[in-house]
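The next block holds one structure in the form of structure tokens; read it before the comments.
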């Protein structure tokens, strides 16, 4: 059960980094914590054998999204998050860990006390098709959707990030 | 009842909760995007958990990849809108978004 | 000759004659209305032609046997079919109505020569004739009601012709008749449901018990309203002030009385069993007696010819109602005979007033005097009719009144005395009228030249004289109308003959004594005041009576006035309630909605956090609901 | 059915994609004139294909046209493919119609930014078509995201403060909705192993005896909440008025006319109406949500001072009727809801077209500033009255029939009180619309609007076209009902 331990650790890292990202006063720290969540998640995926999604998670989420954030923060840096704002932010989220700990204990207690269990619905007799075939042949509608999503993203960048004053 | 199940469900729920809490409490538009990202991470975790439970890991991976793509584009659009709003308002304060009423 | 025409028409048209009677006047009425202004003489010809045709067709109708016509109309279980029926009762009334309408129509053409509304009046006139024919021919109570109500509309139209700015009299007529018609409608509903059929010919007399009493009262009140008896009378004197005199002559003078009496007799005789001496009978007789006495009393003091005549129009209805109320054979016969007579002399008298008005411009007895010298034929006609209405033998009024006296005496002394009092007042007031208008020193209103004053033109005189002559004829040869009338009641009146000289000499002598008293009274009054017009002032200004009369002149006793006061109170209450309700709608409701709306606006103020809170509360609501409902 | 006909379905996705390629391949100088006409043409072709497909479906008595994928003909379990049925084609027809109207109105209203507008609108159409076509909940989610993303971009098209604000609010709520939907999908996927419609339907039919019922329940609630946010059902509606109000005029037409309905109501109709018709819990929940939407939307509309905002609140109220109809759980309610879906997209587009006309001519949509425009803009005013009457459910207009069906079905399912409240709320509908009509179009003309002209030809064409559909469908509706009865659908 070494595997399971690693998974649990990954998830705990995700949780801690996520809460830190939420509570952090500095936007950059938030972004970096978010990237750490992504990294932990991709490690988790890697351990359970979901290689493709792990790679995507690592490259896109912890890479691209962080880049987007940091550039957005730098674009809007000047008056952002003054000291008072940060103090305010801190006071708003001071209670969050406490709430989370209480909620976590409550949830775990509820699960354990009720004997709640998640039944595996896996069909052992059926071997699953390889990811390549599933992705390219079975999820063709999704792929079409992805292409269109990328198209929207392109148009959004063109429309929203274009310099003011220029007309297209 | 494996500890993995307990931790996975609890971690996902707590992450979603803290993401929504941030969404509800923050005054900063970029933090809203961070909150959305946190929630999405939790959901990805849930998806992985679901794939583990029903043994359809390949399908789950396809889902996860699509979700990641969508999530990134949402983040891009949100950042674009937020930056434009910053240009209008001069800060990222969300309570400035009150021009629409009537 | 007439017989020949009649049989020719009836053989040619047969049962089609029934609706022809309604269609022809209506179509010609439209033609008259649409005739261009320039073709006045052609229009008048057309009008006369219509009336002549109507009279000829009515004669043809006389030749038909009991005939029924069904045209499917608004169907249904109760079968509101367009059912017409002609039988001896309606035949006779239609003939009388047609001939009176012909004569008055002739007069109207001459009277209306210079009036601007003549086309409209003639149109209404012909429509009235058609509707009267329709209501008399209808064999279905609902169809009759249809014509009846349409007549009300036409009445309203005719009343506002002369004076469009002041419609008070017309509205009064509309309201009073409308109430009466509403009651009639109720009565018809009750009658139809009790009888199980709306067809009059299928109905058997219903005993007066329980609901039937209500139905009977409603039907009678409807009929009384049309006839203009108390308490639906008060519009007639008001209308007399402004309405054209041919209208007064034809509507309140003749046709409405015919219709009202027709329905009264049918209600008492055909639809319900009105027993002599029963409480309903007494009630109707009381109504009749009160109408008779009060109408006469008011007529007595009038010094304006039109008003005087209109009060007499009310008073004479009282006689008819009284007679019908006795529910005796002699009463019914007397009522119908008096109805015919009343139509003749009352229209003739109104026409005389019209003739005088068209020559002198007024009918106020205080302004005119001694006209007999200039208008001898008018005077003769008026005097003949006055004698007839006063009940002077051998005129028709005498014979019909004797029958009514007979019936009244048989029922109760009180009613007989009331009838005698009425007779006295009638005689006295007409003595005053004739004396004041035609005798005594010549007195003319300003602007009328003595030399230029002539008798009325032939077209006016002819109807007046024809009607007066008929009065005399029906008196001298009363077997002619009475035999027809008696035939209506079949076995009910079998064994007695009402024609000829009244059988009780005592009653005749008492009536003559009353007339004599009236003459004496007039002579005393004339002697005291020296003026014919003031001959009854000693009664008018007698102590005690004077205050009553003053109050009556000020309309204090007008049922319409009392009714309107009640209506006003009611409408005030309704208004208050309505205000309250609309306050709930306009103020309370709007304020609540506005308040809720503004509260919702506070919750939709653009704050994203609030929106998210909404959404999360929705999720919590869903979770709780799913937990609760499991 | 001949196989060639199933190729027809490709046009719903292929044509907009081809147009996108065409637009971006050539320079803007060459293509400027062609953006709008090409868009209109695509919408027209889409309407035609939808009608032809509907006819074919009823001709060959088939439930759905299942068409193969792009490069592989085998359908494994868990595959995502396209299988539109009657309701899908009806939605595709609505999409085509509203898209056509949007392009017609955008032609004069947006003289600049045509390139951006047309591109993003085509993507929006693609997204909505995808929603209507797919046979897999996850693909539905993907296309829903496409729709939502392009809607954000369109609202913020001019990058003005209001548009950006509305866009950001929509984005936030939509992100929450996506999170909810995905959570729900993950929890359901855990149990089913596939998200194909028929698999999920079979599972939901008997979920209480299946594995992990608690997770499924939570997942279903999450799914419903997410769809409700996207649909703008109260109390998830907060973003909707802001987004509608702030969008450029043609964008509010397509938003109010079809986008929110395709993004949310469509899925609700599928899930609740088609898959869970007998579930009392879901039905009661949606009954409450529907009633709340009806009353809250109508009450808020009464107090609004902006023409477009009134229409937005009215949308909430009308979506409440659709949801209420679905909550009855009976086939009658389902048919009523689907027809109200169609009718609402017609009359709400009419109203937004008219608001666009007013906005273009007077440069304002504030009700208190407007007044007496009927004399200057008779076509707009008249079509506005027709659409209002249809919204309020006045016979014989189309809106009356669908509302009638819904209220009858609700009466049967939930009793007289609920139906009575729904009926009573439609009085409020009449109230706020009469208020708007009186303040904007009737009454004396204000001094500053003396020189206002009637809207441009293409806008008038759009509102006349939609009004004709409202009146026409209302007049032939008894026959439609008879046809449905003959088909055994009611």
Problem set entry | Where only C-alpha atoms are counted, convex hull volume of region D:279-490 per residue in Å³ | 99
Exercise. If you take the Cα Rg of region B:6-45 and divide it by 2.2 N^0.38 Å, with N the number of residues, what do you get?
Worked result: 1.14
Exercise. Suppose R0 equals 25 Å; then what is the FRET efficiency for residue C:545 and residue C:523 from their Cβ-Cβ distance, rounded to the nearest 0.05?
Worked result: 0.80
Exercise. Considering the zone a paramagnetic label at residue A:12 would reach in this model (a point 7 Å from Cα along the Cα-to-Cβ line), which residues of region A:103-127 have amide N under 16 Å from it?
Worked result: A:104-105, A:108
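Rounded to the nearest 0.05, what FRET efficiency do residue D:112 and residue D:208 give with R0 = 60 Å and r taken as the Cβ-Cβ distance? Could you check?
Values: r = 57 Å, r/R0 = 0.95.
The calculated FRET efficiency here is 0.55.
If I stretch the segment between residue C:413 and residue C:497 completely, what's the gain in nm (0.36 nm per residue apart, minus their alpha carbon distance), one decimal?
Working: separation 84, 0.36 × 84 = 30.24 nm, distance 2.37 nm.
Extra length available between residue C:413 and residue C:497 comes to 27.9 nm.
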Problem set entry | Anisotropy class of region C:265-418 from Cα gyration tensor, a/c 1.5 cut | prolate
For this session: For chain C, find the longest principal axis of its Cα atoms and tell me its angle to the long axis of helix C:279-301, 0 to 90°, nearest 10.
Result: 70
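How much of the DSSP beta bridge set in chain C is antiparallel, as a percent to the nearest 5?
85
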Problem set entry | 222 nm mean residue ellipticity, helices alone, for chain D (DSSP H n ≥ 4; -39,500 (n - 2.57); rounded to 500) | -24500 deg cm²/dmol
For this session: Rank the residues C:242, D:198 as a footprinting-exposure proxy: fewest other Cβ atoms within 10 Å of their Cβ go first.
Result: D:198, C:242
For this session: From the C-alpha gyration tensor of chain C, pull out the three semi-axes of the equivalent ellipsoid (sqrt of 5λ each), sorted largest to smallest, in whole Å.
Result: 51, 31, 28
Exercise. Between rounded, prolate and oblate, where does region D:206-289 land on the alpha carbon gyration tensor, with a ≥ b ≥ c its root eigenvalues, rounded for a/c under 1.5, else prolate if a/b exceeds b/c?
Worked result: prolate
Problem set entry | For region D:253-323, fraction of C-alpha pairs farther apart than 16 Å, in % | 52
Seminar exercise, completed: Taking chain C and counting helices only, DSSP H stretches of n ≥ 4 at -39,500 (n - 2.57) each over all residues, the nearest-500 ellipticity at 222 nm comes to -24000 deg cm²/dmol
Exercise. Remind me, relative contact order of chain C in percent, using alpha carbon pairs under 8 angstrom and six or more residues apart?
Worked result: 11
Seminar exercise, completed: Note on region D:279-490: contact order normalised by length, alpha-carbon pairs under 8 Å, 6 or more apart, percent, works out to 28
Problem set entry | Inter-label distance for residue C:505 and residue B:98, nm, one decimal - labels placed 7 Å from Cα along Cα-to-Cβ | 11.6
Seminar exercise, completed: Here the FRET efficiency for residue C:116 versus residue C:45, based on Cβ atoms and R0 = 22 Å and rounded to 0.05, is 0.60
Problem set entry | Cα-based helix-to-principal-axis angle, C:329-360 vs chain C, degrees rounded to 10 | 90
Exercise. Share of antiparallel DSSP beta bridges in the protein assembly as shown, in percent to the nearest 5?
Worked result: 90
Problem set entry | Relative contact order (%) - chain D, alpha-carbon pairs under 8 angstrom, separation at least six | 13
Exercise. Could you state the number of Å between the C-alpha centres of region C:223-279 and region C:449-503?
Worked result: 20
For this session: Using the Kirkwood radius over Cα pairs, work out the Stokes-Einstein diffusion coefficient for chain D at 20 °C and 1.002 mPa s, in µm²/s as a whole number.
Result: 95
Exercise. When the distances between all Cα atoms of region C:561-628 are binned every 10 Å from zero, what whole-number percent does each bin get?
Worked result: 17, 20, 19, 16, 12, 9, 7, 0
Problem set entry | Tilt relative to chain C, helix C:40-62 - C-alpha long axis, 0 to 90 degrees, to 10 | 80
For this session: Return one quarter of the surface area of the convex hull spanned by the alpha-carbon atoms of region D:90-148, equal to its mean projected area, in nm².
Result: 4.0
Exercise. With no solvent and one point on each alpha carbon, what is the Debye value of log10 I(q)/I(0) for region C:75-216 at q = 0.12, 0.18 Å⁻¹?
Worked result: -0.62, -1.12
For this session: Take every Cα-Cα pair in region C:484-585 and report what % of them are more than 17 Å apart.
Result: 77
Seminar exercise, completed: The exposure ranking of D:222, C:464, fewest beta-carbon neighbours within 10 Å first, is D:222, C:464
Exercise. Given the rule -39500 (n - 2.57) for each run of at least 4 DSSP H residues, summed and divided by the residues of chain B, what is its mean residue ellipticity at 222 nm, to the nearest 500 deg cm²/dmol?
Worked result: -29000 deg cm²/dmol
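Considering all alpha-carbon pairs of the protein assembly as shown, what whole percent are spaced by more than 55 angstrom?
More than 55 Å apart: 48 percent of the Cα pairs in the protein assembly as shown.
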For this session: Highest first, please rank the peptides A:45-54, B:89-98, D:96-105, C:382-391 by the mean number of other Cβ atoms sitting within 10 Å of their residues.
Result: D:96-105, C:382-391, A:45-54, B:89-98
Exercise. Packing-wise, with mean Cβ within 10 Å as the measure, how do D:19-27, C:616-624, C:289-297 rank, highest first?
Worked result: C:289-297, C:616-624, D:19-27
Exercise. Cα atoms only, region B:3-92: Rg and Dmax in Å?
Worked result: 15.7, 50
Exercise. In a GNM of chain A with a 10 Å cut-off on Cα contacts, which of A:124, A:32, A:99 has the highest mean-square fluctuation?
Worked result: A:124
For this session: Would you mind ranking C:314, C:22 so that the residue whose beta carbon has the fewest other beta carbons within 10 Å leads the list?
Result: C:22, C:314
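Bear in mind that the values in this text are calculations on the coordinates, not laboratory data. This is a predicted model, so every value here is computed, not measured. Neighbour counts run over all protein chains shown; Cβ positions are idealised from the backbone, glycine included.
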